[in-house]
Every structure is written in C-alpha cells, then in structure tokens.
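To start, the structure under review is shown below, and the notes come after it.
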C-alpha cells in the first residue's frame, strides 16, 4: 500500500490520523496538510509532508467564497498530480477542509478513499463529500443518521498508542492526593482558564493538586501561583496525565473525549461554544447520557457553580469511580486496528 493521509489543523484531526499511521506495517505513507498548521510540527519528522492552500467553506456566498473556490480547484489539481506521481493506492482522511481536495482528487484518479468522522454531528465536508468516499468510519454511532445509509461503519476514534499502556507522570504530583486536570484542547481555552483560576484556591485548599494546560494564547497565564498548582501551555504526556487524574475539566472535542474514555477519566465538559454547528455540545451529550461526564454551557457557567461542582465530586470518590467505569464502557481500544483493516480491504494493491 502507498497511502496518502490528509489530516490538518487541530489535534482532533491529526492525532487519530497519526494513530492509524503508527499501526500500518509495510506501507509507504505520505501526508497532505495546510501551511502553518499543527501538522508542520508533528508530521515532517515522521512522514513526507505535502501542503496545499485551502480554507474552510463559507455558509454564505460572497467574494471570499469565489477565492476559496479557486483555491479548492488549484488544490484538487495539485493533489491529483501528487497521487499520480507518487503512485498512491489509497487515501485516508480525518475530515476538515483538507479532506475536500483529497477526496475529489482521489475520485478523479480512481483511488479508494476512507474517511473518518470523529464527531457525533458530522462536519460540512463530511456531509457534502461522504457520497464520494468508499466508506465513512465513525467515532460516534450517532453520526450515522446524518450520512448516506449503507456507507458507514462504527470504529470509534483512534488515540495515540501511549494511551494503551501505563505512562509515568514526570510532574511534581504525589500519588495520594486527588488530581484535577484542566485542558482546553490543542488551542487552549482562555474563557475556561479564567474560571479555573478563580476557582482554584477553593479546590487546592482541600489538598488536591491541579495541572492546568493553558495553551499559548492566554495573556494571564502565570498570574496565579500555589504549591499544588502547575500551569503549562502544553504537555506531551497526556496519557500519563489523564491516567493519573481523578477528574478532568475540558472541552468536548472528539479526540479529547476519546482520550478521556480510554484513560477512564471522569470529566466536566465545557463545549467550545463557537465550534461549527455546535458539534462539541452534541459530542458531550453522548458522554453525559452514558453517565460518564457532566456538561455545562460556557455562557451559563459561573465561578461559584464550577467551584461547587468540582468540590462535590472531590468529596464523593464513589461517584467519581462510577463515572470512570462509564467512561471505560465508551472506549473502543482497537479503533486504529479496525481502520487499518478497512484500508487494507479497499487497497487495490493488495490484490496483486
């Protein structure tokens, strides 16, 4: 197999694609991304990276729509040439706007495409272009109702291999006290950060520890200090951190939810209110309905309410344990292997 992976932008698109790539043996993999996005940091040391200029689609027709359409046409041509020159035999994409030129170019070249949609509410690109794919793999079973019947399969969403084995935590957090982890996703969450810093003194006075991943866009990062409070812009060992955590406060991106499920970490979810089609709220609902998490709308969450909710859970270890068990029931530990098998079934080079 010669596989082109089209995944770009955020960790929610990139980490599942990287997890699949790590599971494939005997395969030449190349990557398709967009300039100046996260893939520039994560991919080049592992796989050849090709980039095309493409943007998200507008919901209203205007002059910018025409520019985006021209960009898309140019990107399709570039990807079609890449597929031909590199003799690619299959395409795998995790959605987002990079998926559009990848899917259309593969269709023109007669190359099979497997699309993975991690969200419970599929994005626009998935809804528009899934009929052109050979199969759409789903992270949430609920997503099937929005897509063509007979063209979907539930696989769960892959996570990095480190989540499947115990990871040591190289932070100054002792084993005994409760640990709260706050993570706003790969881009951080300034509004959540502000609330957390206001609540932190009440949590920390119970003896708990708090690891706060602030992202790199928070101008007030570093303004709060406490011996049990650790603020970092990012942290690579998320597996070790979530495995140790008693409770997470996070956004509700599909990748984050999958990592929480695999690590069995109870969560308070604050969906990003400006996510496309409010899909994070839909994601969160599946976890809340399962009893694994609680969800709060950002514009309705106050300092006092967040502080009280966390304190109530810290004082109820049995409730946290029940939520952890519900999280575990949502995990799909062999998602990457399922996707690799689907790719191999559809790769024409395997028939030679």
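The values are calculated or read from the model by the stated rules, or taken from the named source; none is laboratory data. Bear in mind that the values here come from a model prediction, so they are computed numbers and not experimental data. Cβ: placed from backbone, ideal geometry, glycine included. Neighbour counts: every protein chain shown.
Within the span defined as the stretch 321-338, every residue fails to be within 20 Å of residue 191 (Cα to Cα), out of contact with any strand residue (DSSP E or B) (no Cβ under 9 Å at 6 or more places or on another chain) and part of a loop (DSSP other than H, G, I, E, B).
Scanning the stretch 160-186 for residues that are buried (at least 20 other Cβ atoms within 10 Å of the Cβ) and within 25 Å of residue 202 (Cα to Cα) turns up 179, 180, 181, 182, 183, 184, 185. Look at (1) free of Cβ contacts under 8 Å to residues at least 40 places away in the same chain; (2) not assigned by TED's automatic domain parsing to the domain that holds residue 239 and you find that residue 125 fails only one, number (1). Filter the stretch 244-273 for residues that are without any contact (Cβ under 8 Å) to a residue 40 or more places away in the chain and over 18 Å from residue 289 (Cβ atoms) and give the result. Across the stretch 244-273, the qualifying residue is only 273.
Sub-6 Å Cβ pairs linking a first residue in the stretch 73-84 that is outside any helix (DSSP H, G or I) to a second residue that is surrounded by fewer than 21 Cβ atoms within 10 Å (Cβ to Cβ), at least 6 apart or interchain, number zero.
The rows are residues; the columns are (1) closer than 27 Å to residue 246 by Cβ; (2) within 25 Å of the chain's Cα centre (by Cα).
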| residue | (1), (2) |
| --- | --- |
| 316 | yes, no |
| 322 | yes, yes |
| 328 | yes, yes |
| 332 | yes, yes |
| 335 | yes, yes |
| 340 | no, yes |
| 345 | no, no |
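Counting only residues that are more than 13 Å from residue 334 (Cα to Cα) and not in a loop (DSSP other than H, G, I, E, B), the stretch 134-161 holds 12 of them. Of the residues in the stretch 66-77, not one is within 28 Å of residue 344 (Cβ to Cβ) and in contact with a strand residue (DSSP E or B) (Cβ under 8 Å, 6 or more places away or on another chain). Of all the numbered requirements in (1) crowded, with 21+ Cβ neighbours inside 10 Å; (2) over 21 Å from the mean Cα position of the chain (by Cα); (3) closer than 27 Å to residue 334 by Cα, residue 83 misses one, and that requirement is (3). For the stretch 205-228, taking the residues that are over 26 Å from the mean Cα position of the chain (by Cα) and closer than 18 Å to residue 183 by Cβ, the one that is modelled with the lowest pLDDT is identified as 222. Please determine, by comparing only the residues of the stretch 269-286 that are in contact with a helix residue (DSSP H, G or I) (Cβ under 6 Å, 6 or more places away or on another chain) and farther than 16 Å from residue 117 by Cα, which one is surrounded by the fewest Cβ atoms within 10 Å (Cβ to Cβ). Looking at residues that are in contact with a helix residue (DSSP H, G or I) (Cβ under 6 Å, 6 or more places away or on another chain) and farther than 16 Å from residue 117 by Cα, I get 273. In this entry, residue 64 passes the filter for residues that are at negative phi, surrounded by fewer than 15 Cβ atoms within 10 Å (Cβ to Cβ) and in a helix (DSSP H, G or I).
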